[in-house]
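The values are calculated or read from the model by the stated rules, or taken from the named source; none is laboratory data. These figures come from a predicted structure and were not determined experimentally. For neighbour counting, all protein chains shown are included, and Cβ atoms are generated from backbone atoms with ideal geometry for every residue, glycine included. Surface areas here come from the heavy atoms of the whole protein model, side chains and all, with no ligands, DNA or RNA. Shrake-Rupley method; radii C 1.70, N 1.55, O 1.52, S 1.80 Å.
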Number of protein chains: 4
Amino acid sequence: MYFASDNWAGAAPQIIDALTHEARRFGGAYGTSEIDHEAEALFSEIFERDVAVFFVATGTAANSIALTALNKPGGAVFCHSFSHIEVDECGAVEFQSGGARLIPLPGNLGKFSAADLAGAIEPFSPEVVHGGQPMAVSITQATEVGTTYSISEIKALSEVAKANGIPLHMDGARFANALIDLDVSAAEMSWQAGVDVLSFGATKNGCLAAEAIVFFDREMAAQAPYLRMRAGHLFSKMRFVSAQFEAYFRGGLWLELAAHSNAMADQLREAVAGSNRARLAWPTTTNEVFIAMPAPAAEEMRKQGAQFHNWSFSEDFQANGNEVLVRLVTSFATEPDHVERFAELLNG
Amino acid sequence: MYFASDNWAGAAPQIIDALTHEARRFGGAYGTSEIDHEAEALFSEIFERDVAVFFVATGTAANSIALTALNKPGGAVFCHSFSHIEVDECGAVEFQSGGARLIPLPGNLGKFSAADLAGAIEPFSPEVVHGGQPMAVSITQATEVGTTYSISEIKALSEVAKANGIPLHMDGARFANALIDLDVSAAEMSWQAGVDVLSFGATKNGCLAAEAIVFFDREMAAQAPYLRMRAGHLFSKMRFVSAQFEAYFRGGLWLELAAHSNAMADQLREAVAGSNRARLAWPTTTNEVFIAMPAPAAEEMRKQGAQFHNWSFSEDFQANGNEVLVRLVTSFATEPDHVERFAELLNG
Amino acid sequence: MYFASDNWAGAAPQIIDALTHEARRFGGAYGTSEIDHEAEALFSEIFERDVAVFFVATGTAANSIALTALNKPGGAVFCHSFSHIEVDECGAVEFQSGGARLIPLPGNLGKFSAADLAGAIEPFSPEVVHGGQPMAVSITQATEVGTTYSISEIKALSEVAKANGIPLHMDGARFANALIDLDVSAAEMSWQAGVDVLSFGATKNGCLAAEAIVFFDREMAAQAPYLRMRAGHLFSKMRFVSAQFEAYFRGGLWLELAAHSNAMADQLREAVAGSNRARLAWPTTTNEVFIAMPAPAAEEMRKQGAQFHNWSFSEDFQANGNEVLVRLVTSFATEPDHVERFAELLNG
Amino acid sequence: MYFASDNWAGAAPQIIDALTHEARRFGGAYGTSEIDHEAEALFSEIFERDVAVFFVATGTAANSIALTALNKPGGAVFCHSFSHIEVDECGAVEFQSGGARLIPLPGNLGKFSAADLAGAIEPFSPEVVHGGQPMAVSITQATEVGTTYSISEIKALSEVAKANGIPLHMDGARFANALIDLDVSAAEMSWQAGVDVLSFGATKNGCLAAEAIVFFDREMAAQAPYLRMRAGHLFSKMRFVSAQFEAYFRGGLWLELAAHSNAMADQLREAVAGSNRARLAWPTTTNEVFIAMPAPAAEEMRKQGAQFHNWSFSEDFQANGNEVLVRLVTSFATEPDHVERFAELLNG
């Protein structure tokens, strides 16, 4: 019963097959093979627009290089206080950009509002160099707490960003799960809603290691080839990343995998709703489920083989008595009978 | 006939098998799985010493993070003027370290001498802050031009480094090929010869993407976990890198692959020696062969399907007439009949 | 009536005299003259301990280079949310350190408590590289809002810092004003209270531009000469900074100047206490006075020639009706009759 | 007999007078006073064109911030191998820019040619991200070895730079001395000859500490306010730098001071020409004179009170027997009788 994280999963068989095929042949290095160009072209197809795309090793690399492409001296990036770049990337954005600052914003359910964003940008003034300057807005979709921004929420944030002359970045480590939830197209959830740069994650959803930075405006990407190279993120055997993406998109595999993942989470949510020992800490709609249960029950379930992490973000949650907050994450690899077994255990 | 580079090769079947196995199961993320610990432990076994090891995405990442672990403000890294960090990494060391400088040294056959190193360090003085300070020495083994430093040459360089209070880094992108050439142990060619930090490359020699930074002194590695993380080089599904290393070392696969690669280069060298249209530009002993041949002959061979790059480093080489300098690289995947076919073409 | 800031003042005559004297002679550059050594030695005398001292151009340089000397990758600096490094230095610490992060803490009257500090450090764990690592604590003395930390408050913060293995930095842009307020020695308010590194400001208190980084532990300063040089803060004619410090300390001038400044603020505080149009926004004890008054009254006083800034920090202050929050800063150069005139205007 | 460096001199009386005047009054901080605007406007007047100008503490700050304004990831700056940024600034450009690289070019008399520049830029290709990208050309005027680029030489370098899409930076630490030598206007020696950004030095020529970055194209300066601030180079009491520049330019003082300095060097050159113990190592035309003399003679002169440094740059110089290479620098403050005394000693 693996619910610790979606990066505890292995890789989808189709992905491995693609690697196996690729391993047997020769090809140009550093992204010059035909399959590299094909994989890049697939992004333009998926997003229904010409995009500039750069593959990198990790989501942290994608986020930090994407934001560095938008860098300004004394620059401030507005993000949620729960965001991965703020909480979990060891200062990668600050480092990669040579000193940009993150301005964490509060907000319910892992999201901040356009009004809060406007309020945070407002004190910055071009007259006062001391305070630095706004540089970008970054949102996570799906959020770190299992929710999603609606299309209109993204548009509202984008409008505030544009009104202040700064671009909107989206950390899409779980982009596919959000897409399934909202039932919209990749274009609708990104550039059509005002997103300028996207960290597109595929690792969590069935790949081994395949992350991409997608620029919807090629001009913003002008320096990206150098930013990636100097950061050590240009793979020599890039073909093995491209092959993952090619298999990931082929026949809509990526959406299938995410749909399964979300469906498994739906079953977990149902199980919790029907349980008298646990309750949903807040409503989620993707592949993360946050539940409150008595600490002893959580320990007991761990002893029975359930793997999950306790969680500490708490603005959206008030514990009762001896409750602990627990995060459950499903993935493309989650097995239905594991969910069933978990549900059984949950009911004691 | 793929001789353009060893990173044009795919991956060894044993490596792919290991990935396939790993893909089917769940495991802790970010290097916390059993296989991660096993792979790390294998390094200590291979090097006959407790080492601290950090897996990263590329050789450029390995080199630049390794040297950043040795960083000093105003720091100078002494390296060969042909070295990968100087020529081919887009300023990665300078960037990652926040401004360290490379001091390129000349030297025949891709190697600089202990005397030249001493001469380059000598002008630096702790009294004169303006000039900065020595920070590290970096050598490449095997070198960028197909040669190797002998053990005594490495020791001599290490002694100069130590006498000046700075560590010795080795860029081992082709570590295995050098090992086969010198017929020594990994320990003998690294820490026993005075190497403090090693960029250990496995990608070129049969992996998909598997590079490691090996610290022979754990204290030097104290900040390495953070240096790697902030650079976006800590894989979430680290298991897929660890599995490559595990398969790479198992049963001495890595040495077998490198031995094959070097043997193929031997055959190329023989073919060139027996050719009346080409000559060896300088002697090499690993999996790179540099040859001079008339430009039209090179073009003709390309038309026949031979893939290789022209080369521009010239201190060791004087062209006659219309000769071009050509680099041929063999790999674990080089097929003997390709070498034979190339040899035939070479003789016109 | 100049109350906009203490950096609107000119320079004390004794300081100018010293420069005039120095201008007429020759001397070694880059801090090698006798007067440079004398000025450095004076710091050891004033602080009753051997210190390593580095002169730089600005307070921002002092703060950012001081903290960079304590730098760690993924490093976090704990500071007050009002602190100059957080609010007013355009990301200088983040830039100079190559990506360190500031963790702003709330706290009444511009101060945070030892308990709040401990709470902020607590989530960091060496097991979890993602969150980065604690690197330093930074406090401002006197604070940005006119108050001072007591010696025991500093000691308590230092104990928390030490318990967590990180040093304590003090931004002493108004060090002398705090010293006068607390009536203690420079040693008592710095290293004896647990301060490891001090940004010592003299510019605001009568110099033209004279700031120093004082390390109470020479080992922490090992890289400081290079950090300063690469940042462009080693003056060629350093003698002109050293001469300022020499005159600043000679005969206790610095304490005299600060005593005058604080006394002028006392008179302002008295005037406000006796006014029926204004009230103290919160109690201050150094050369900054924060008052609340009706917006029209503030405008009227500006028309009468009073110079001061509105202020926005508000956790410590609740406005009534149409009140604005106003900051008044006195300096060594504040003229008593300006204070009197201001007091008269204040009473309408 | 102070010939060690022009930064061993004090400051011109007119400069000190200006500071004394400024010290007695109040004024807006951080460059907002009237005198700040006046000083900035003077630059536009002197250069006969609207310029964006930024005052900083040191020449190293000017050079490194100027070049950082032109920064590109993986960027390469082409400069002379003798240049201050390469030899004497502790990696300031590399640090400030977050990793730009200096490409040192050889060239007689401290100058490199347009042809050498073109040859150095040529290998860079936008197709090959590994090598980085050209970012700027930097020349020093007057050079580090007492010579000057002619206007046509500067134009030729600028043309090569422009043809490659990169700007031309001039390190004008001794700008005034070069101007006197060439007998041209500031405009002619800068933007009219193709210079895009200038580090304008006044410290060596009579100020205490007054350096400026001059952008001839305001667009290039767009980020400069933030680059300066985050580097800790925005003085709070900027008025004291502005006042120096105001006095420096008033009535052509700066040209007078430089003319004196060059004239003193002329006398030294004459003395050497007439000496049988020394010879000019190479011809110079500004305020630096490089001479060869027997080591014992140099030591003897030092014992007699002559202050000067030995020099090590040697491409332009071949020592005979026991000769040492010695650098003599004159300044605005050099006293004629010191030159005479030196001349006497020189003749033994």
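Scanning the range A:64-83 for residues that are at the interface with another protein chain (Cβ under 9 Å from one of its Cβ atoms) and either modelled with pLDDT under 95 or out of contact with any Leu (no Cβ under 7 Å at 6 or more places or on another chain) (or both) yields A:SER64, A:LYS72, A:GLY74, A:GLY75, A:ALA76.
If we keep just the residues of the range D:244-286 that are open to solvent by 30 Å² or more (accessible area, probe 1.4 Å) and touching a strand residue (DSSP E or B) at 6+ places or on another chain (Cβ under 8 Å), which is farthest from D:GLU22 (Cα to Cα)? Ranking the candidates gives D:ARG277 first. The set of residues in the range A:216-233 being open to solvent by 30 Å² or more (accessible area, probe 1.4 Å) and facing another protein chain (nearest Cβ under 7 Å) consists of A:GLN223, A:PRO225. Right, C:SER236: outside any strand (DSSP E or B), open to solvent by 10 Å² or more (accessible area, probe 1.4 Å) and over 30 Å from D:ALA61 (Cα atoms) or not? Against the criterion (outside any strand (DSSP E or B), open to solvent by 10 Å² or more (accessible area, probe 1.4 Å) and over 30 Å from D:ALA61 (Cα atoms)), C:SER236 does not qualify. Of the set (1) open to solvent by less than 20 Å² (accessible area, probe 1.4 Å); (2) away from chain B (no Cβ under 14 Å); (3) farther than 26 Å from A:THR286 by Cα, all apply to A:PHE124 but (1).
Okay, residues lined up against (1) open to solvent by 10 Å² or more (accessible area, probe 1.4 Å); (2) more than 13 Å from chain A (Cβ to nearest Cβ); (3) over 20 Å from the mean Cα position of the chain (by Cα):
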{"position": "C:ASP88", "(1), (2), (3)": "yes, no, no"}
{"position": "C:GLY91", "(1), (2), (3)": "no, no, no"}
{"position": "C:ALA100", "(1), (2), (3)": "no, no, yes"}
{"position": "C:ASN108", "(1), (2), (3)": "yes, yes, no"}
{"position": "C:LYS111", "(1), (2), (3)": "yes, yes, no"}
{"position": "C:ASP116", "(1), (2), (3)": "yes, yes, yes"}
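Condition first: away from chain D (no Cβ under 12 Å) and open to solvent by 30 Å² or more (accessible area, probe 1.4 Å). Now tell me which residues in the range C:325-348 satisfy that. Passing the criteria: C:PRO336, C:ASP337, C:GLU340, C:ARG341, C:GLU344, C:ASN347, C:GLY348. Selection over the range B:214-241 of residues that are β-branched (Val, Ile, Thr) and closer than 21 Å to A:LEU208 by Cα gives a count of 1. Please work out which residue is most open to solvent (accessible area, probe 1.4 Å), limiting yourself to the range D:151-174 and to residues that are within 29 Å of A:ALA224 (Cα to Cα) and in a loop (DSSP other than H, G, I, E, B). For the range D:151-174, the residue satisfying everything is D:ASN164.
Taken over the range C:27-79, the criterion of being of a type in the set (Gly, Ala, Ser) and over 21 Å from the mean Cα position of the chain (by Cα) is satisfied by C:GLY27, C:GLY28, C:ALA29, C:GLY31, C:SER33, C:ALA41, C:GLY74, C:GLY75. In the range B:1-12, of all residues being more than 7 Å from chain A (Cβ to nearest Cβ) and surrounded by fewer than 23 Cβ atoms within 10 Å (Cβ to Cβ), the one that is farthest from the chain's Cα centre (by Cα) corresponds to B:MET1. If you scan the range C:127-150, which residues turn out to be facing chain A (nearest Cβ under 10 Å), without any contact (Cβ under 8 Å) to a residue 12 or more places away in the chain and outside any helix (DSSP H, G or I)? Correct list: C:VAL128 only.
The set of residues in the range D:181-208 being within 17 Å of D:MET170 (Cβ to Cβ) and either within 14 Å of chain A (Cβ to nearest Cβ) or part of a loop (DSSP other than H, G, I, E, B) (or both) consists of D:VAL184, D:SER185, D:SER190, D:GLY194, D:VAL195, D:ASP196, D:ALA202, D:THR203, D:LYS204, D:ASN205. Collect the residues in the range A:159-174 that are within 14 Å of the chain's Cα centre (by Cα) and farther than 16 Å from A:ALA265 by Cβ, keeping them in residue-number order. Across the range A:159-174, the qualifying residues are A:HIS169, A:MET170, A:ASP171, A:GLY172. For D:ALA4, the conditions (1) free of Cβ contacts under 8 Å to residues at least 40 places away in the same chain; (2) within 23 Å of D:VAL289 (Cα to Cα) all hold with the exception of (1).
Residues are listed down the side, and each one gets a yes or a no for (1) aliphatic (A, V, I, L, M); (2) touching a residue at least 60 places away in the same chain (Cβ under 8 Å); (3) open to solvent by 10 Å² or more (accessible area, probe 1.4 Å):
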residue: D:LEU67; (1), (2), (3): yes, yes, no
residue: D:PHE78; (1), (2), (3): no, yes, no
residue: D:SER83; (1), (2), (3): no, yes, no
residue: D:ILE103; (1), (2), (3): yes, no, yes
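The single residue among D:GLU211, D:GLU153 that is among the acidic types (Asp, Glu), touching a Ser or Thr at 6+ places or on another chain (Cβ under 9 Å), within 14 Å of another protein chain (Cβ to nearest Cβ) and under 30 Å from D:HIS309 (Cα atoms) turns out to be D:GLU211. Among residues that are open to solvent by 20 Å² or more (accessible area, probe 1.4 Å) and modelled with pLDDT of 95 or more, A:ALA142 is not included. Restricting attention to the range C:16-62, the residues that are touching a strand residue (DSSP E or B) at 6+ places or on another chain (Cβ under 7 Å), among the β-branched types (Val, Ile, Thr) and more than 9 Å from chain D (Cβ to nearest Cβ) add up to 2. Checked against the criterion of being closer than 26 Å to B:GLY27 by Cα and at pLDDT below 95, the candidates A:ALA243, A:ALA265, A:ALA259, A:ALA297 yield just one match: A:ALA297.
Within the range D:265-281, track down each residue that is under 24 Å from the mean Cα position of the chain (by Cα) and in a loop (DSSP other than H, G, I, E, B). Result: D:ALA281, single match.
Determine whether the range D:312-324 contains at least one residue that is open to solvent by less than 10 Å² (accessible area, probe 1.4 Å) and in contact with a helix residue (DSSP H, G or I) (Cβ under 9 Å, 6 or more places away or on another chain). Write out each step before concluding.
Taking the range D:312-324 first, the residues open to solvent by less than 10 Å² (accessible area, probe 1.4 Å) are none.
No: the range D:312-324 contains no residue that is open to solvent by less than 10 Å² (accessible area, probe 1.4 Å) and in contact with a helix residue (DSSP H, G or I) (Cβ under 9 Å, 6 or more places away or on another chain).
Against the criterion of being under 18 Å from the mean Cα position of the chain (by Cα) and more than 21 Å from A:THR143 (Cβ to Cβ), A:LEU208 qualifies.
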